[in-house]
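What follows is a single structure, written as structure tokens, with notes after it.
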Amino acid sequence: TINLSPSHFSVVFGREMGESFKDYLIRLRMERAKELLRTTNLKCSEIAYLCGYNDPHYFSYVFIKNTGFPPQLFRQQPQIGK
């Protein structure tokens, strides 16, 4: 263990990484989701679970918020977001 409170961790992480831990985690999850959408035929719900989302509807909401496109449209047009 590193013995940091969640709030102290958040401050240290933000200072060192230049973004909040939440934003960092979402960015990583969205990058992984885009990769899986481009390279697999997995269902969007399966991709949601693989990227750490237990609710596929919430995953779609976050994906649209971060990319501007629903996952299904992103998959149909793989040049989006490259």
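Computed from Cα positions, the angle between helix 56-67 and the longest principal axis of the chain comes to roughly 80 degrees. Each residue of region 28-38 was assigned a 3J(HN,Hα) from its phi angle through the Karplus expression (A = 6.51, B = -1.76, C = 1.60, θ = phi - 60°), giving 4, 5, 5, 4, 5, 4, 4, 4, 5, 5, 6 Hz with x at Gly and Pro. Among Gln76, Tyr58, Thr40, whose Cα projects farthest towards the positive end of the dipole of region 15-82, with charges put on the beta-carbon of Lys, Arg (+1) and Asp, Glu (-1)? The residue sitting most towards the positive pole is Gln76. Across the chain, the relative contact order, built from alpha-carbon pairs under 8 Å that are at least six residues apart, equals 19 percent. Of the labelled figures (i) 5.4; (ii) 7.4; (iii) 6.4, only one reflects mean projected area of the Cα convex hull in nm² as derived from the coordinates, namely (iii). Straight-line cross-link partners of Lys34 among the aspartates and glutamates, defined as a Cα under 18 Å from its Cα and at least 8 positions apart when in the same chain: Asp23, Glu46, Asp55.
None of the figures in this text is laboratory data; all of them are computed from the coordinates on show. Remember, predicted model here, so these are calculated numbers, not experimental data. Cβ atoms come from the backbone with ideal geometry, glycine included; neighbour counts cover every protein chain shown.
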